[in-house]
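The values are calculated or read from the model by the stated rules, or taken from the named source; none is laboratory data. Everything numeric in this text was worked out from a predicted model, so none of it was measured. For neighbour counting, all protein chains shown are included, and Cβ atoms are generated from backbone atoms with ideal geometry for every residue, glycine included.
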Amino acid sequence: MFSTGELAATLLRLPAILFAISIHECAHAFIAARLGDRTSEGRLTLNPLAHLDPMGFICLLFLGFGWAKPVTVNPRAFQKPRRDEILVSVAGPASNVVAAIFFGWMLKMMLVFGRQWFSQPVWGEALFVMMVNFVLINIGLAVFNMFPIPPLDGSHVIAVLIPDKYFYVKVALFRYGTMALIGLILLETVTNRDILPIGQIIAFLAGWIFKLLGLRIVL
C-alpha cells in the first residue's frame, strides 16, 4: 500500500508525465509527417489517450521508468531515409528539452509576478512541486530516450549511423538490446545503485536550466 505522502507525490507527477509522453510522441509523428511519412497521422495530437500504453504508463507512474505506444515510421516514405530517420528519432527528446525550458520559464514568471500563489495553504506547495516536476520529467524522458539501447530513440540514431557492412551489429543491437535494458533497470532496482547515469544527467541539465533562468532550486 502507498502512504498518503507517496500517493500525493504520484498525483503531482501525473500531469507532467501525461504531457511529457504526449509531446514526445506527437513530435515524432509531426516530423515524420513533415518529411513525407503520414503513417502515424493519428498521433498528431497532445491527447494522452492517443499515446499511452497501459502497462508502460503504470510502470512509469509507480516505478520511475516505462514506455508509451511507439510511433510507427516508414523510412521508405522519406526522401533521405538515413537523415530523416535520425531527425524523427531526435524529435521526441528535443521536444521534451524545449518543454522543460518552457516550464522552467513559466515557473520563473510565476515567482516574479505571482509569488503569492505558492504561499497559499494546502495547494501552494503542491503547485510549486508540480511545476518543478514538469521540468524534471521532461528532461528525464529526453535523457532516458537518448541512450543507444533498443527500443529507445538513441538506438535508432546509432543504427542509422552504423555502416551497412556491419549489418550484423544492428541485428544484435535490436535482438538483445531490449533485454539488456530491462536487465539493467532490474539490476538498478535490486541493488539500489545507478548503473546508467540517468539521475546525474537529469540533475545536471535541470540545474543548468534553473541556473540559466535565475532560479535557485535545490534538487
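Taken together, the residues in region 3-32 that are touching a helix residue (DSSP H, G or I) at 6+ places or on another chain (Cβ under 9 Å), of a type in the set (Ser, Thr, Tyr) and without any contact (Cβ under 8 Å) to a residue 40 or more places away in the chain amount to 1. For region 33-70, a residue qualifies if it is more than 18 Å from LEU141 (Cβ to Cβ), free of Cβ contacts under 8 Å to residues at least 12 places away in the same chain and surrounded by 14 or more Cβ atoms within 10 Å (Cβ to Cβ), and exactly one does: ALA33.
Identify, please: which residue in region 79-123 is charged (D, E, K, R) and out of contact with any helix residue (DSSP H, G or I) (no Cβ under 8 Å at 6 or more places or on another chain) and is, among those, surrounded by the most Cβ atoms within 10 Å (Cβ to Cβ)? Once the filter is applied, the top-ranked residue is LYS108. You will find that of GLY207, GLY214, GLY199, the residue that is under 18 Å from the mean Cα position of the chain (by Cα) and within 22 Å of MET110 (Cα to Cα) is GLY207 and no other. Once region 78-88 is narrowed to residues that are assigned to a helix (DSSP H, G or I) and more than 18 Å from LEU152 (Cβ to Cβ), the residue that is nearest to the chain's Cα centre (by Cα) is ASP84. Checked against the criterion of being more than 16 Å from the chain's Cα centre (by Cα), over 13 Å from ALA68 (Cα atoms), among the aliphatic types (A, V, I, L, M) and not in a loop (DSSP other than H, G, I, E, B), region 32-46 has at least one qualifying residue. Exactly one residue out of ALA77, ALA29 is in contact with a Lys or Arg (Cβ under 8 Å, 6 or more places away or on another chain) and modelled with pLDDT of 95 or more: that is ALA29.
Note on region 203-219: residues that are assigned to a helix (DSSP H, G or I) and either touching a strand residue (DSSP E or B) at 6+ places or on another chain (Cβ under 8 Å) or of a type outside the set (D, E, K, R) (or both) total 9. Across region 31-52, a minimum of one residue is classified as touching an Asp or Glu at 6+ places or on another chain (Cβ under 8 Å) and at positive phi.
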